[in-house]
1. Sum -39500 (n - 2.57) across every DSSP H segment of at least 4 residues in the chain, then divide by the residue count to get the 222 nm mean residue ellipticity, nearest 500.
2. Given Cβ point charges of +1 (Lys, Arg) and -1 (Asp, Glu) and nothing else, what value in debye, to the nearest 20, does the dipole of the stretch 82-131 about its Cα centre take?
3. Say the dipole of the chain comes from +1 at the beta carbon of Lys and Arg and -1 at that of Asp and Glu; which of Met161, Met1, Ile172 then lies farthest toward its positive end?
4. Just for the Cα atoms in the chain, what are the lengths along the principal axes, largest first, rounded to whole Å?
5. Find how much the distance from Ala279 to Leu66 grows on full extension, using 0.36 nm per residue of separation minus their present alpha carbon separation; answer in nm with one decimal.
6. Can you pull the Rg over Rh of the stretch 205-288, Cα-only, Kirkwood?
7. Only four residue types carry charge here, +1 at the Cβ of Lys and Arg and -1 at the Cβ of Asp and Glu. Report the dipole size of the chain about the Cα centre in Debye, rounded to the nearest 20.
8. Mind giving me the FRET efficiency for Glu14 and Leu218? R0 is 22 Å, r the Cβ-Cβ distance, nearest 0.05 is fine.
Amino acid sequence: MKIIFHLGVHCTDEEQVLRCLRQNSESLAAQGIVVPDPAKYRSLLRDTATALETGSLSEEAQDILLDQLLDGHDDDPSRLVLAWDNLLSFPQWAVRGRFYPSAGTRVLNLARMFPNEEVTFRLAVRNPATWLPDLHARQKGKNFRELVSGLPIEKLRWSDMVEDMVTCSDNIRVTLWCDEDAPILWPRILASIGGVEDGTSLTGWTDFYAPLLDPHGLKNLGAVAALPMEEREAAISALLEAHGLPDAFNMTFEAPGWDQMTVDHLSALYEADVARIGALPGVTLLRP
């Protein structure tokens, strides 16, 4: 069985993949793909991962854990999808001198829960120039200067986090994408996580675009789904260009001490960092 962990990160997916897959849970289950109710497993995964810090699971414990995660599905499924952006860290611990400093340990422990299964990971990364202010918004009682105080902002790299993940074990495999590309890649992201050949076959796949496209653009998504897969992303990009809602793409924020030059510089560093991520062994980078 393939076990897919969708890890977020914070301030990217906002559980939109999970909502779409859960909406299709019955039809997916008929294909051997289990997407359990997250309320039934998130605390269980967190507690089990904590227990693995000091030991390993017995065969019996592994079987019990899988039974609970499979949520009453008695058949032998081919795929189990689990998602939570707090599996790598809670938001207040996400930046401690680097991005998600415990990421390597966390994914290793998640993989160790299921030594007899094929475990892979999915996640998005995002431009730190916009991500850090949004992450700060989730940290009550801390101002932005406190979040970035003492941080080597220009040296913060997603590639360091991803490298920690794929080098902690020879068996760790990660598929990721840039959150900025998600609108174009959305059907492919759904397919990669959900295990279906075509993401547009899922009921509700267009819900993602409701805050991004005007009514005419939304209406034309049906025509996009009818295109061959190799043509869809170019068509979605054209729809977003022609019918995108301005407020959905004009990101504004206030970051004390940052000016436009800072944002532009961090953005350039991010582009170079994404290229480094794509060259890491064990990584599949989805790009338009």
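1. One gets -13000 deg cm²/dmol as the mean residue ellipticity at 222 nm.
2. Roughly 240 debye for the stretch 82-131.
3. Highest projection toward the positive end goes to Met161.
4. That works out to 56, 50, 36 Å along the principal axes.
5. 73.3 nm
6. 1.07
7. In debye, rounded to 20, the chain gives about 680.
8. The calculated FRET efficiency here is 0.70.
A short reminder: the numbers here are calculations on the coordinates, not readings from a lab. Computed from a prediction, not measured in an experiment: that's the story for all the values here. When we count neighbours, we look across all protein chains shown, and the Cβ atoms used for this are built from the backbone with ideal geometry, even at glycine.
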